[in-house]
Amino acid sequence: MKVIKIDKKDWADGLAKLSGGYRLFGPVKDKEFHNFKELDNGELPDFDFSNTKLSAKSMVFPQAEAMFKYSLDENEADHHIMKEAEKDYSPRAAIGIRPCDAAAFLLVKKNFDTPEYKDPYWINAYEASVFVGLACNNPCSTCFCTSAGCGPFHEDGLDVLLADAGDYFLAKVITDKGEKLLQAAGWNTEADAGEDQIETLKKEAEAKITASVNTDGLKDKITTELYDAPFWEDVAFACLNCGTCTYVCPTCWCFDIQDETHGTSGIRMKTWDSCMYPLFTLHGSGHNPRGTKVHRVRQRFMHKLKYYVDKYGDGIQCVGCGRCIRLCPVNIDIRKVCELMNSYEPADAACQVA
Amino acid sequence: MGIEPGRLHFSWVSSAEATKFIEVVNEVTEAVRALGPHDNFVKHMPKVA
Amino acid sequence: MVGYTDKIREISERLLKEGTVDMVIGFRQGSMPMMNEPCFAKRPEDVEKLTWDSNCGINLANYLTDRKEKIGVIAKGCDSRNIVTHIIENKIKRDQLVIIGVPCKGMIDRRKITSMFETEILSVAEEDGKVIVKTGDAEKILEKEEVLQKNCAVCIHRNPVIYDELAADLVEEQKDIDRYADIREIEAMSPEDKWNYFDDLLSACVRCYACRNACPLCYCPTCFVDESQPQWVGKTTDPIDTKTFHFLRAYHCAGRCTDCGACERACPVGINMRTLTKKLEKDCFEYYGWEAGLTLDARPPLDAYKPDDPEDFIK
């Protein structure tokens with residue numbers, strides 16, 4: 001595969017050229033931490049970060065997004081009729097998305113883009129996007145991507161993989177979309193032995209990953225036994241049900257639909273929701289099938305580590321970015337929960353309880 | 001919170017003090033009118049993607 | 001801190017063995033530096049996991065709400081004050097509790113320490129009032145006094161106000177502390193500057209409500225932000241909705257907040273929302289001479305009418 005060398009002095013110029021044809025998104029420092037957001041005109045992505053606080057999912061799946069608009073003004077001919085909200089699906093490019101966040105889109109795609117159901121908002125935004133990934137030379141202690149089907153130089157879900165090699169970036173072309181973007185930026189010098197250089201950096205980065213999860217046993221566990229496992233009360237005890245884990249997660253896809261009306265005009269929106277919230281499952285009758293926090297915490301882990309595994313057969317619904325571990329206010333750690341689930345034998349529990 | 005002090009008034013008015021009630025309402029109305037509209041806390045259509 | 005941990009385990013083991021309590025609520029060692037996890041021990045042999053150090057900032061009173069068991073609970077000064085508030089507000093009964101008081105020397109501010117280092121912190125240890133921080137390429141020794149959580153630095157109730165057992169000797173309370181310097185600065189601003197200040201303060205909010213959920217005072221069966229008939233607050237991150245949530249939540253805590261700092265500690269995006277609750281705490285202190293949770297014998301000031309309540313603001 002072709003590897004382009006981008007001298008860092010040509011970086012800003014290239015991005016300026018790109019901004020003519022693409023809406024650019026990237027990591028930007030906001031007070032104490034980095035956020036992934038649309039870049040202002042002339043703003044450069046800041047690559048001095050380990051990862052953004054929230055994942056990059058908002059580029060395709062914003063926290064709040066208009067679906068329809070309507071008018072309640074009976075003088076208008078089409079009052080009380082839902083009309084599609086205007087959308088901008090012109091080409092957009094993520095500059096410096098981490099490989100884990102890009103790989104996460106592929107997991108989420110299984111939910112939003114199926115033969116039976118298609119979410120046009122997600123699909124249109126995703127298809128308008130080009131993903132230029134920034135490989136992780138220095139993963140954090142909470143990164144367990146290499147055991148979650150991903151990695152610091154993982155290429156699935158990316159169009160270009162950038163590796164920081166000091167004075168220059170190595171840009172590995174992964175798709176045609178990526179190639180087109182590099183050409184539009186005027187970056188076209190092929191690197192000498194580019195693939196080898198990237199391979200060396202990749203090996204160094206992977207060697208720095210210290211955290212891991214075992215997932216080999218999950219598939220063969222009996223769902224109801226895992227569901228009834230005695231450890232859930234202990235796992236869930238500290239949980240505040242704040243939903244931070246789900247908001248920062250690149251693979252959490254649940255949403256709510258909300259209307260807001262002001263005067264006689266209104267919009268119908270898709271907004272992030274979370275299985276951590278009692279409201280998420282509250283029925284109109286007042287009954288709540290996930291009425292306690294133990295139910296809700298179990299749901300999150302069972303979904304990611306069991307239901308998804310069984311439904312799609314391609315591993316866990318997690319890319320190992322470690323955000324939920326770093327940002328949980330009470331230190332609930334998915335690595336520990338995964339280990340409990342992966343190694344669970346009902347017979348052990350019977351002995352323990354006795 | 002960023003609301004001018006003059007916008008908020010507290011008063012004791014007994015149900016028997018109709019005249020005082022009128023005075024207070026007039027005073028408050030004039031005072032708030034003099035300050036002009038307060039736009040900060042007006043909710044508009046949310047800016048969403 | 002080893003002394004504290006040993007004593008906590010000893011007391012907890014005794015209470016569980018005697019059957020005085022069904023469970024002890026405390027902290028266990030976290031999986032990351034400067035993080036511990038609230039947990040329970042139900043069997044005497046489980047007490048081995050209980051630990052104590054300067055990373056136990058989560059308020060454990062929050063874990064008592066409406067529980068039915070007999071509970072041993074580890075309580076530093078602020079936790080004990082919120083336990084008092086919980087008892088007054090009927091969220092737990094005094095005779096359900098065995099309070100294991102922990103005289104507190106303050107919790108460390110993980111955000112402040114994290115921001116002092118360029119690279120990721122791999123371990124943090126404590127010894128004799130020092131905090132030893134190691135990153136991949138450096139080791140630095142900090143004075144604990146300098147890296148205290150902001151609310152701990154101005155705390156004047158480090159000792160538990162109510163307890164049945166003590167995990168250590170009482171500590172000397174901090175004196176001559178100016179608790180409200182930051183609040184006075186905001187009070188002095190013009191309305192417009194205040195608005196801009198709060199706009200900036202709350203701009204990063206993602207509306208996860210971790211602050212609310214970490215707060216022992218926030219136990220409403222349905223919070224006003226979750227009501228749907230009528231819906232008081234919109235669900236997006238619209239700045240007006242976000243401000244409405246934060247301001248109203250703060251007002252709900254007036255006269256009840258103990259400045260335990262759990263809200264700030266829990267916030268995933270580092271918002272200093274204590275500036276809101278602390279203003280109300282200051283007002284309750286200045287107008288009513290009231291500090292929340294110091295006694296079981298008085299109702300909070302906004303809960304009770306007294307003929308001598310200040311009324312200068314009424315014209």
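The values are calculated or read from the model by the stated rules, or taken from the named source; none is laboratory data. Quantities reported herein were computed from a predicted structural model and do not represent experimental measurements. We place every Cβ from the backbone using ideal geometry, glycine too, and count neighbours over all the protein chains shown. Ligands, DNA and RNA are excluded from the accessible area calculation, which covers all protein heavy atoms including side chains. Shrake-Rupley method; radii C 1.70, N 1.55, O 1.52, S 1.80 Å.
Brief remarks on what is shown
- All of C:V98, C:V84 fail the test of being of a type in the set (A, V, I, L, M, F, W, C) and not in a strand (DSSP E or B), apart from C:V84.
- Number of positions in segment C:11-44 that are within 25 Å of the chain's Cα centre (by Cα) and either in a helix (DSSP H, G or I) or hydrophobic (A, V, I, L, M, F, W, C) (or both): 13
Per-residue answers, yes or no, for (1) open to solvent by less than 40 Å² (accessible area, probe 1.4 Å); (2) over 30 Å from C:L296 (Cα atoms):
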residue	(1), (2)
C:N62	yes, no
C:R94	no, no
C:V102	yes, no
C:I121	yes, yes
C:V124	yes, yes
C:E146	no, yes
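- Criterion: more than 28 Å from C:M35 (Cβ to Cβ) and assigned to a helix (DSSP H, G or I) - qualifying residue of A:E233, A:E204, A:E260: A:E204
- Of the strands (runs of 3 or more DSSP E) lying entirely inside segment A:75-179, those carrying at least 3 residues that are out of contact with any Leu (no Cβ under 6 Å at 6 or more places or on another chain) and touching a residue at least 24 places away in the same chain (Cβ under 8 Å) are A:92-97, A:160-164, A:168-173.
- Any chance A:E32 is over 30 Å from C:E120 (Cβ atoms), within 14 Å of chain C (Cβ to nearest Cβ) and either among the polar types (S, T, N, Q) or under 23 Å from the mean Cα position of the chain (by Cα) (or both): no
- When A:G20 is tested against (1) in contact with a strand residue (DSSP E or B) (Cβ under 9 Å, 6 or more places away or on another chain); (2) not in a strand (DSSP E or B), only condition (1) is not met.
- Selection status of C:I162, farther than 18 Å from C:K278 by Cβ, part of a loop (DSSP other than H, G, I, E, B) and β-branched (V, I, T): yes
- Filter result (within 30 Å of B:E27 (Cβ to Cβ), open to solvent by 40 Å² or more (accessible area, probe 1.4 Å) and among the aliphatic types (A, V, I, L, M)) within segment C:267-315: C:L302, C:I314
- Restricting attention to segment A:259-272, the residues being buried (at least 21 other Cβ atoms within 10 Å of the Cβ) and either more than 7 Å from chain B (Cβ to nearest Cβ) or hydrophobic (A, V, I, L, M, F, W, C) (or both) number 4.
- Index of the failed condition, A:V248 passing every other in (1) at pLDDT 95 or above; (2) surrounded by fewer than 19 Cβ atoms within 10 Å (Cβ to Cβ): (2)
- Selected residue [outside the structural domain of A:L54 (by TED's automatic domain parsing), without any contact (Cβ under 8 Å) to a residue 12 or more places away in the chain and not in a strand (DSSP E or B)] from A:P250, A:P289: A:P289
- Unique match (being assigned to a strand (DSSP E or B) and open to solvent by 30 Å² or more (accessible area, probe 1.4 Å)) among A:N35, A:N41: A:N35
- Some residue of segment A:69-78 being over 15 Å from the mean Cα position of the chain (by Cα), in the same structural domain as A:G14 (by TED's automatic domain parsing) and among the polar types (S, T, N, Q): no
Per-residue answers, yes or no, for (1) aliphatic (A, V, I, L, M); (2) away from chain B (no Cβ under 13 Å); (3) free of Cβ contacts under 8 Å to residues at least 40 places away in the same chain; (4) part of a loop (DSSP other than H, G, I, E, B):
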| position | (1), (2), (3), (4) |
| --- | --- |
| C:D200 | no, no, yes, no |
| C:N213 | no, yes, no, no |
| C:C218 | no, yes, yes, yes |
| C:P230 | no, yes, yes, yes |
| C:K235 | no, no, yes, yes |
| C:C284 | no, yes, yes, no |
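- Qualifying positions in segment A:310-342 - assigned to a helix (DSSP H, G or I), touching a Gly at 6+ places or on another chain (Cβ under 9 Å), within 14 Å of chain C (Cβ to nearest Cβ) and not β-branched (V, I, T): A:R335
- Candidates C:D178, C:D169, C:D164: the one that is more than 11 Å from chain B (Cβ to nearest Cβ), open to solvent by 70 Å² or more (accessible area, probe 1.4 Å), touching a residue at least 24 places away in the same chain (Cβ under 8 Å) and touching a strand residue (DSSP E or B) at 6+ places or on another chain (Cβ under 7 Å) is C:D164.
- Selection count where residues are assigned to a helix (DSSP H, G or I), open to solvent by 20 Å² or more (accessible area, probe 1.4 Å) and either aromatic (F, W, Y) or over 23 Å from C:A61 (Cβ atoms) (or both), scope segment C:237-266: 4
- Qualifying residue in segment C:189-197 (condition: surrounded by fewer than 19 Cβ atoms within 10 Å (Cβ to Cβ), touching a Ser or Thr at 6+ places or on another chain (Cβ under 9 Å) and in the same structural domain as C:D283 (by TED's automatic domain parsing)): yes
- A:D256 meets all of the listed conditions (1) more than 9 Å from chain C (Cβ to nearest Cβ); (2) open to solvent by 20 Å² or more (accessible area, probe 1.4 Å) but one, namely (1).
- Among the residues of segment B:39-49, none qualifies, meaning not one is more than 10 Å from every other protein chain (Cβ to nearest Cβ), of a type outside the set (D, E) and more than 30 Å from A:Y89 (Cα to Cα).
- A:A238 being part of a loop (DSSP other than H, G, I, E, B) and either modelled with pLDDT under 95 or more than 14 Å from every other protein chain (Cβ to nearest Cβ) (or both): no
- Count of segment A:38-60 residues, restricted to those that are without any contact (Cβ under 8 Å) to a residue 60 or more places away in the chain, within 12 Å of chain C (Cβ to nearest Cβ) and of a type outside the set (S, T, Y), is 2.
- Look at segment B:1-22: where a residue is over 29 Å from C:D200 (Cβ atoms) and more than 7 Å from every other protein chain (Cβ to nearest Cβ) and a partner is among the aromatic types (F, W, Y) and open to solvent by 70 Å² or more (accessible area, probe 1.4 Å), sitting 6+ places away or on another chain with Cβ atoms under 8 Å, you get B:V13/B:F21.
- Just one of the numbered conditions (1) within 26 Å of the chain's Cα centre (by Cα); (2) open to solvent by 60 Å² or more (accessible area, probe 1.4 Å) is not true of A:N51: (2).
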